[in-house]
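Visitor: Pasting a structure below so you can have a look.
Here, each number is a calculation from the coordinates, and none is a lab measurement. Bear in mind the structure is a predicted one, so any value in this text is a computation, not a measurement. Every residue, glycine as well, gets a Cβ built from its backbone with ideal geometry; the counts of neighbours run over all protein chains shown.
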Amino acid sequence: MTFRERILKWDIIGKTRTWFTASSIIIAIGLVAMVVNTVSFGSPLKFGIDFIGGTVINASFEKAPDETVVRGILSANGYSNVTVQRAGEKGITMKVETNEINPAVSGKIINDIVAKYGAVDVGTKEITSIAPVIGRDLLRRSSLALGLSLLFTLLYITIRFKFSFGLATILGMVHDIFVALGILALFRVPLNAPFVGAFLAIITYSVQDGVVVMDRIREKLRYRAKEPFDKLANAAVTETWVRSFNTSFTTFLAVLVLFIMGGSPIRDFSTTLLVGIISGTYSSIYISTPLLVLWVQGREKAAALQKA
Amino acid sequence: MRSKVTASLILVIVVAIVAGVINYEGLIAKNTKLVPKLGLDLRGGVRIVLEAQDTESAKATSEAIDAAVGVIDKRVNALGVSEAVAVRQGVNSKRITVELPGWEDPERAKAIIGKTALLEFKTEDGKVVVNGSNLKNAQLVFSQAQDSLGEPQISFELDAAGTTAFAAATQANIGKKISIYLDSQLLMSPTVEVAITDGKGVISGGFTATEASNYALLLKSGSLPVKLVAISEEVVGPSLGSVFVHRSAWAALIAFLLVAIWMFIMYRYLGLVSGIALIVYADILMAAYLVLHATLSLPAIGGAILSIGMAVDANCIIFERIREELGMKKTVKSAIGAGFSRAFRAVFDSNLTVLVGTAFLFYFGTGTVRGFSVTLALGVLASMFTAVFASHTLVDLLLTPGIAKNSRKFLG
C-alpha cells in the first residue's frame, strides 16, 4: 500500500476529540500567557511603538557616547524616563514608550550629543517617533480592516457555498489567529506595523486552504447517496490531504528561506508567518471540517427528531 | 484542438516577453519611468506627520488643509527630493503625511515643511498692503551695495496685482516707513524714497545664506493657510535597504529552486511544468510591480516571497486532481482535461475569497497594509494566469503527438 493509499484510510473526523483537545491546550497556553502579561505588564500583547506611540533614536558618533552623559542630555531637554543603551562600537540607542520625543526637540538632542562626541556617522541616524494618537489610530484602522475582511469573506463563502461552510472556515481562521497571538504573547514579541501584514497573510492562507477542502465536500454532497455526513467529510479531507500538505510545504519552504536569509529585520515577521502556515493548514483539516460535521450532524439529528 | 493550443501558447509567450522587456527596462536599463520603487523602510529617508491646529487667526478647515497639502507639495519638490509625497491621511483627517525618500536631513525638512512663511508688507498704521500670495518669484541673492557687500538677501518679484498695489502704497507713503514681516516677525522697515512701480525689491534681515535660501524657497511656494505641528517623525538610515534587497533577491531565487525541486519530486514532468509556470509568474509579477509603481517595503517583499510558495497552490490542486482522475482508469488526455476543469472551481473560489479580503484591506487600511494588499492581489491574479492557463497550455503541448511518446510518464 502506498502512502497515498494509506492516507485515504485515515479516520480524521473520528478523532475529532483528539484534535480539539490539542488545539485547546495550545490556545489555552496562549491565553494564560496573555493573562499573565496583562497582570504583570498591563496588556495581553507587547505592542511596539508603532501602535502605542513612543520614540526610538539610534545613531553612531565619532567617539563612543557615555550612557550617563546621554541620559543627562535627555533630561536637560525634558525627557527623563528614557532607556539609554550602547549599541555597537560607537552607537547609542534611546528608547521611550507611549510618550514620544517631540520632533521639534529630537534635532536638538542629537546636536547636544554631537557637541560632546563628534559628528554622526553617515547613514547611522535612525529616528522613529510616533505620537500615541497615531499609533492608536493605526491599531484601530488595522483591526477594522481585518474585521471587515473576515466579515466579507464569510459573506462570500456563504454565497458561494453555505453559511455553515463559511462559519466553519472563519472559525478555523479565528483558531489560527489565536494560536499566532498566543505564541506572540508567550514570547513577548513586540508587535509593530509589519505584523498587520503577517496577520493578513495568515488569514489569507487559512481561507485559501479552507476553501479547497470545503469545495471537495461541496462536490461530494452533490453525488451523496445515503452515506453519513462524517464519512463523506472524512473522505473529502483524506482525498485533499496530500495537496494540502504539498501547498503548505512549498509555502513553508519559501518562508523558511526568508526566515534564514532575511535576517533580524524580518525575523519576527517570518516567524509569525511560519506559525501561521502550520496552524492554517492544520486548522482547515482538523478544526474547520470537524466543526462543519458537528454542525451538519446536529441539524440532521434535529430534522430527524422533528419528523419522528 | 491543436490550433487552440498554439494560440494559447503564443499568448503565454507574448505576455512573458512583454513582461520580460518591462523588467529589463526597469531593472537593468534603469528606465526612469520603471525603476522599482522602494519603501522608506528599505531606501531610507524621512517621514513626517503633521497635524493641523486651530489658531485664533486661522481655523483648520478642510479646505485649508487641502491647500496646505498643495503648498507642502510645492515646497518638498523645490527641495529637490525626487518622489517626495505629501498626502492627507484621509478625507476628513487633520493629518498630513510627508515622505522624503533618500533624504537624510530631518532638521532641514522640518524647518521647511512646518513653517507658515507668511510675508506681509505693512504701512505705519498697520495696514497690510501686499502679502506673500502676491509673490511671483523669490530667490537668494548677495548684496552688491557698498555698506552691506556680500550679505545674503532675498530678492522678490510681485505679480501684476501686487505690483499695482505696491506702486499705489509706496506712492502714498513717500517719506514714511513700510515694514516687512515674516511670520509676524519684523525683518526690516525701510523708509520709502520713491514710488516702486516695477514690483521688484530686495529684503534683508540679517539672514545667513541657508536661511535666506530656505525663506526664498518658502516664499516662492506660498504660505501655509493653517498652523501645522509635527507630531511624528521617522528617519531611516539607508544601510538596511541595499543589503536587505540584495539578500531578498537571493532568498527569492533559493525559494524558487526549492519549490521547483519539490514539485518535480512530487509530480515529475507536471512538476517541471509548474516550475516553468513559476518563472513566468515571477516575470509577470515583477513587471506588474514596476508598471503600477507598487512600493516595495519590508513586509511587501516578505509577502512576495511568500507568494512564490502560494503560486504553486493551484498547480497542486490541479495535479492531485489529475492523479485522482487517472486512478479512475481514464486515458491520460481525458484525465488531464477533467483534472483542469474540475479543479478550476476550487482554484477560482479560493483565489476570489482572497481577492475579496484584499479589496477591503486596501479600502480601509493605511500605508503598509495597503502596500501588502496590493502585492497580494497582484500575486493572486498573476498566479491564476500562470498556474491555470499557462500550465494547462504547457501540459497540452506535452500531450501533442510527436513531442512525447509515453505520456503516462509525465505523472511520475
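Visitor: Taking just the C-alpha trace of the stretch A:1-115, give me its Rg and Dmax in Å.
Guide: When restricted to the Cα atoms of the stretch A:1-115, Rg and Dmax are 25.2, 77 Å.
Visitor: Right, next: What is the spread of the Cα atoms of the stretch B:13-93 along each of their three principal axes, largest first, in whole Å?
Guide: 64, 25, 22
Visitor: Something else now. Restricting attention to the stretch B:64-145, which trypsin sites (Lys or Arg not before Pro) occupy a DSSP loop and are surrounded by at most 16 other Cβ atoms within 10 Å?
Guide: Answer by residue number: B:Lys127.
Visitor: Also, quick follow-up: Quick check: the angle from helix A:16-41's long axis to the longest principal axis of chain A, C-alpha only, nearest 10 degrees?
Guide: 20
Visitor: Given a cut-off of 32 Å, name the pairs among A:Lys63/B:Lys227; A:Lys116/B:Lys115; B:Lys110/B:Lys176 whose C-alpha atoms lie farther apart than that in the structure shown.
Guide: In this structure, A:Lys63/B:Lys227; B:Lys110/B:Lys176 exceed 32 Å between Cα atoms.
Visitor: A further question follows. Pull up the cross-link candidates among the aspartates and glutamates for B:Lys200, meaning alpha carbon to alpha carbon under 17 Å and not fewer than 8 places away within one chain.
Guide: B:Glu120, B:Glu157, B:Asp159
Visitor: Any aspartates and glutamates with Cα under 15 Å of the A:Lys46 Cα? List them, leaving off those in the same chain fewer than 8 positions away.
Guide: Within the straight-line limit of under 15 Å, A:Lys46 reaches these aspartates and glutamates: A:Glu97, A:Asp268.
Visitor: With springs only between Cα atoms under 10 Å, which of A:Ile202, A:Ile113, A:Ile217 fluctuates most in a Gaussian network model of chain A?
Guide: The residue with the greatest mean-square fluctuation here is A:Ile113.
Visitor: May I ask you to list the trypsin sites (Lys or Arg not before Pro) in the stretch B:174-257 that are in a DSSP loop and have at most 14 other Cβ atoms within 10 Å of their Cβ?
Guide: On the way: sites: B:Lys176, B:Lys177, B:Lys200, B:Lys220, B:Lys227, B:Arg247; in loops: B:Lys176.
Those satisfying the criteria are B:Lys176.
Visitor: Next question. Which angle from 0 to 90°, rounded to the nearest 10, does the C-alpha axis of helix B:367-383 make with the longest principal axis of chain B?
Guide: With both axes taken from Cα atoms, the answer is about 30 degrees.
Visitor: Just A:Tyr282, A:Tyr205, A:Tyr156 to compare: in a GNM of chain A, with alpha carbon springs under 10 Å, which one fluctuates most?
Guide: Among A:Tyr282, A:Tyr205, A:Tyr156, the largest GNM mean-square fluctuation belongs to A:Tyr156.
Visitor: What's the longest uninterrupted piece of chain A once you rule out the trypsin sites (Lys or Arg not before Pro) that are loop residues per DSSP with at most 14 other Cβ within 10 Å?
Guide: Answer from the scan: A:64-187.
Visitor: From zero outward in steps of 20 Å, how is the percent of C-alpha pairs of the protein assembly as shown spread across the bins?
Guide: Pair shares across the bins are 15, 39, 28, 14, 4, 0.
Visitor: Let me ask you something else. Return the loop-located GluC sites (Glu not before Pro) in the stretch B:156-227 (DSSP other than H, G, I, E, B) with at most 14 other Cβ atoms within 10 Å of their own Cβ; answer none if there are none.
Guide: Numbers: sites: B:Glu157, B:Glu193, B:Glu211; in loops: B:Glu193.
For GluC sites (Glu not before Pro) across the stretch B:156-227 that sit outside H, G, I, E and B with at most 14 neighbouring Cβ atoms in 10 Å, the list reads B:Glu193.
Visitor: Anyone know which of A:Val207, A:Val237, A:Val36 comes out most mobile in the 10 Å Cα GNM of chain A?
Guide: Among A:Val207, A:Val237, A:Val36, the largest mean-square fluctuation in the Gaussian network model of chain A belongs to A:Val36.
Visitor: If we count every other residue with Cβ under 12 angstrom of A:Ile73's Cβ, Lys/Arg +1 and Asp/Glu -1, where does the sum land?
Guide: 0
Visitor: Roughly how crowded by other chains is peptide B:104-111, in terms of the mean Cβ count from those chains within 10 Å of each of its Cβ atoms? Please list the in-between numbers first.
Guide: Details: counts 4, 2, 7, 6, 1, 1, 4, 1.
Across the residues of B:104-111, the mean count of other-chain Cβ atoms within 10 Å is 3.
Visitor: Which whole-percent values make up P(r) of the stretch A:54-130 when all C-alpha to C-alpha distances are grouped in 10 Å steps starting at zero?
Guide: Histogramming the stretch A:54-130 at 10 Å steps yields 21, 61, 18, 0 percent.
Visitor: Further, regarding this structure: Bin all alpha-carbon pair distances of chain B at 20 Å intervals from 0 and give each bin's fraction as a whole percent.
Guide: Calculated over all Cα pairs of chain B, the distribution is 21, 37, 23, 14, 5, 0 percent.
Visitor: Sequence neighbours fewer than 8 away in the same chain don't count; with that in mind, list the aspartates and glutamates whose C-alpha is under 15 Å from B:Lys33.
Guide: Of all the aspartates and glutamates, those that pass the test against B:Lys33 - Cα under 15 Å, at least 8 places apart if same chain - are B:Glu25, B:Glu83.
Visitor: As I understand it, the value is the acute angle between the Cα axis of helix B:298-311 and the longest principal axis of the Cα atoms of chain B; what does it come to in degrees, rounded to 10?
Guide: So the inclination is approximately 20 degrees.
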